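This report refers to the structure that appears directly beneath it.
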Amino acid sequence: MTKQSIFGRITTLVRANVNSLIDAAEDPEKMIDQLIRDYTNNISDAEAAIAETIGNLRLLEQDYREDVKTAEEWGRKAVAASGKADELRAAGNSVDADKFDNLAKVALQRQISAENEAKTAEPTIAAQQEVTAKLKDGLNGMKEKLKQLQSKRAELVARAKTAEAQNRVADAVKSIDVLDPTSDLGRFEEKIRRQEALARGKQEIAASSLDAQFNELENFEAVTEVEARLAALKSGRPAQAIEQ
């Protein structure tokens, strides 16, 4: 796994519009869970890659410091050898003076070599420092996005549960709506009203039948009295009212 591929994945994930991805998903909760897994896995990979990058950077920095230190040491040795050569030449010992000048030259050559190695390492170190800083920023951005996802998931689950509870309450209220004539309770009430009306009708019919029976009895008594008086007339007896 190269640093370039890690950096590309980090950049893609950090720039991703989490809300748009969730809104476009058929199942937002599953989408969030998948995103959380992706971010968690990529954060783990990124941490490993960044740790390796930082380790390499620290090695380069350590080598650079050693090259700088070596260059300084060879510089001091060159100064010392050159100074000794000057002392010996002043004392008339040109042979030994030449030897120390030669040592000074060797020290200067070693100094230049160490300085060149340090200079060569500087651009590489600067580039590695820049990459490391970007990787760290990207990693922090991924961790922040992961927190947002986890918070979004908790919010989404809570909203889903609330909506489900509201729907259950609405369905329950609708099922017991006594004002709805199409509801079961409304139909039951209508059935009772019809039964009550039927009972009142039967009562009226029963009452009218009883009155008719009394009227028929009165008519029968009147006919009987007429017949009795007619019979009395035929027998020569005076007609008189039948004793009640």
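Give me the residue from region 29-70 that is touching a Lys or Arg at 6+ places or on another chain (Cβ under 9 Å) and at pLDDT below 80 and, out of that set, most open to solvent (accessible area, probe 1.4 Å).
Taking the candidates together, the pick is Glu29.
Return the residues of region 142-174 that are charged (D, E, K, R) and open to solvent by 70 Å² or more (accessible area, probe 1.4 Å); say none if nothing qualifies.
Lys143, Glu144, Lys147, Arg153, Glu155, Arg159, Lys161, Glu164, Arg168, Asp171, Lys174
The values are calculated or read from the model by the stated rules, or taken from the named source; none is laboratory data. Worth saying up front: this structure is predicted, and the values here are computed from it rather than measured. Note that each Cβ is placed from the backbone with ideal geometry, even for glycine, and that neighbours are counted across all protein chains shown. Surface areas here come from the heavy atoms of the whole protein model, side chains and all, with no ligands, DNA or RNA. Shrake-Rupley method; radii C 1.70, N 1.55, O 1.52, S 1.80 Å.
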